Amino acid sequence: MSRPLVRALVDRLVGGLVVLCVSVAAIPVLVLFLFVLINGLPGVLTPGFFTDPPYPQGVPGGGVANAIIGTLEIVGIGSLLAVPVGALIGIFLSEYGRNQVGNTVRFISDVFTGLPSIAFGIFGYTVVVLTTHHFSALSASIALAVLMLPVILRATETALVLVPNSLREAGLALGAPRWRVTLEIVVPAALGGIVTGALLAMARAAGETAPLLFTAFGNDIIQTNPLQPMGALSLTIFRNALVPYPNLQQQAWGAALLLVALVAATNILARIYVRRIQR
Amino acid sequence: MRDVDAETKLDARHVNFWYGDFQALHDASLAVQARKITALIGPSGCGKTTFLRIFNRMHDLVPGTKASGEVLLDGHNVLSPDTDVINLRRQVGMLFQRANPFPKSIYDNVAYGPHILGWSKQQTSQIVEESLKDTGLWDEVKDRLRRSALNLSGGQQQRLCLARALAVKPEVILMDEPASALDPIATLRIEELMQELKKRYTIVIVTHNMQQASRVSDFTAFMLMNPTRAGEVIEFGPTDDIFNRPKDGRTEDYITGRFG
C-alpha cells in the first residue's frame, strides 16, 4: 500500500476511535438525563410538589417543600462557611505558599478531595451531633463546608496563578504593598475563576447524600431553624426510593429531576458569569 | 563635555548580583545624571534588565537573589536593609517591556497609585488628568475614562502605563525596553514623550535597539557578558562619544554590528 493511503487509513481509524470514546462517555450521561426527565416530570407536575411537605406514608399527594428549603439552607450556610475560608487559603497558596507550608496544605487538601463523602458525614456527626446531642442542619452545613473546602481553595489558587506576574509587578512598582496588590489587583483579575470554583463546589455539595444521613438526618415537616433536623432533596430521593408507595417513589423521581436541574443551572450560571467577566 | 550643572541622581557603585549561585552582574558602576536620559545597551543576557531592576529593588520579588555594592539615590543607598522599599518604588517608577494595564477602567489604572497613597478624590482626579495629558492620552480617552483599559491599542496601553507611573510623582523612571512590542509610530510617540519628560524626570532606559539609544539618550552604558557569563559595564559616557568615538574595541565592534 502507498504511504499516503496508509496515513489516510490511520487518520480515519484514530478519528473513529475518538468519536467512539466520546460516545461511550456521553451516552450514559444523556440517558441519565432523559431517564430522570421522563420519570421525574410526573412527580414535579403533581400539585403541591413545590409547596407542600410530604404527607404520611400511604396518603396520596404531598410535596417536597421541606427538602427544597432544607437543601437551600444547608448548602447556603455551608457555602457561607467554606467560600471565605477556601478563598483565603487559595490566596495564601498562590501568593505566599511557594514553600513547605504551602505544599503541606496542598497535600492535605488533595487527601480531602479523595475521601469518600460519608467520611465528612462522620466528621459532622462526631464533632457537632455528638457534642450537641442533636441532629441539626448546622452539623450538615459544617460537614458539607469541609467537603467543599478543597474544591474552592484549589480553584482559587489555580485562578490566581493564572494572573500574569506583570500585573503584580506593575502594582508593586507603584509602591503598593504586597497585600494591597493581592487584594486590589490580583484577586479582582481572577474573580471569574474564584466564583466558578465556589459555584461548582456548591453544586457538588447540593447533590451529596451521605454527609447528610447522620447530620441533617431528615425531617418531614417544614423546618427553617438550622439547629433542628432538616430535610434535603438528596435525602428525599434516598428515603423515598426505598419505600413501596408509588406516589412517594414518584416524588423521589421528581426530587431527582429538581436536583439535577439545580446543579445544571448553577453550572450554566457559573459559565455565563465567567464569560461576561472575561470580556 | 559634561554639563556644568551635572547632578548625579542615581549612582550605582561596584554592584554585584547573584541569582542563587549564578553571578549575573560583576562590578557594575553607573552614574545616572538628573533630568537626562541614560540608555543601557548590549546583547541579550548581558544583565541590562537585571541592573535596571536593582534600582528600585524589583529583584526582591525573586527568591534567592543577592546584591552587593551600593546604589545611591540622592546619596542614600537603596540596597541597604533599612531602605523603605515602598517609598523607594514611589520615587523610582517603572515602565515594563509589555504594556501591563490593570484589568480596570482607564481612570482606575492611573488613579491606583494616588489611591494607594490615600490622596483625596479631588486631588486624584486632577492628577489623573495631568498624567494623561503629560502622556498625550487625554484627548484620546477623556470621553471613555470609565471604560476598560484593555480596549486601548498597544501603544495607548503603554502610554497609559506611563501615565500610571507618573501619577505618583516619581523622580526617576526606569524603562525596560518600553517600545519593543510597539509598531514604529507608537515607538516614535514614546520617544517624543521621553524628550518631553526628561525636563522633569530622570530616565534610565534599557533597549535592544541601538538606533533608539542613539536617538533618545544623553548618556549610554554598553554592557557585555564576561567569560563567566556575568554582565559588566564595558563603557559608559555621553551617547555621542559611545557611538562615534568608542574607547573600547568591544564597544566599537558592537556598535558597528560586528557581533551581538
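Quick look at the values:
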read-out	value
Failed item, numbered, when A:Met148 is tested on (1) at pLDDT 95 or above; (2) within 14 Å of chain B (Cβ to nearest Cβ)	(2)
Residue check for A:Leu167: away from chain B (no Cβ under 14 Å), out of contact with any strand residue (DSSP E or B) (no Cβ under 6 Å at 6 or more places or on another chain) and of a type outside the set (Lys, Arg)	no
In the range B:173-187, residue farthest from the other protein chains (Cβ to nearest Cβ) [restricted to those that are buried (at least 22 other Cβ atoms within 10 Å of the Cβ) and in a loop (DSSP other than H, G, I, E, B)]	B:Ala179
Among (1) facing chain A (nearest Cβ under 10 Å); (2) over 25 Å from A:Pro188 (Cβ atoms); (3) assigned to a loop (DSSP other than H, G, I, E, B), the one test that B:Pro170 misses	(2)
Selection status of B:Leu150, in contact (Cβ under 8 Å) with a residue 40 or more places away in the chain, surrounded by fewer than 21 Cβ atoms within 10 Å (Cβ to Cβ) and either polar (S, T, N, Q) or in a helix (DSSP H, G or I) (or both)	yes
Test: B:Ile190 is among the hydrophobic types (A, V, I, L, M, F, W, C), under 18 Å from the mean Cα position of the chain (by Cα), over 26 Å from B:Tyr19 (Cβ atoms) and not in a strand (DSSP E or B)	yes
Top-ranked residue in the range B:41-69 [being facing chain A (nearest Cβ under 10 Å) and in a loop (DSSP other than H, G, I, E, B); ranked as nearest to B:Asp11 (Cα to Cα)]	B:Asn56
Extreme residue, farthest from B:Thr207 (Cα to Cα), among residues of the range B:72-89 that are at the interface with chain A (Cβ under 9 Å from one of its Cβ atoms) and in contact (Cβ under 8 Å) with a residue 24 or more places away in the chain	B:Val85
Answer residue from the range B:90-132, given it is in contact (Cβ under 8 Å) with a residue 40 or more places away in the chain and of a type in the set (Lys, Arg) and is nearest to the other protein chains (Cβ to nearest Cβ) among those	B:Arg90
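Every residue, every condition in (1) more than 24 Å from the chain's Cα centre (by Cα); (2) without any contact (Cβ under 8 Å) to a residue 24 or more places away in the chain, yes or no:
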| residue | (1), (2) |
| --- | --- |
| A:Glu169 | yes, yes |
| A:Ala173 | yes, yes |
| A:Pro188 | no, yes |
| A:Ile194 | no, no |
| A:Arg204 | no, no |
| A:Pro211 | no, no |
| A:Met230 | no, no |
| A:Ile268 | no, yes |
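The values are calculated or read from the model by the stated rules, or taken from the named source; none is laboratory data. Fair warning: this is a prediction, and the values are worked out from it, not measured in the lab. In this analysis, Cβ positions are derived from the backbone assuming ideal geometry, glycine residues included, and neighbour counts consider all displayed protein chains.
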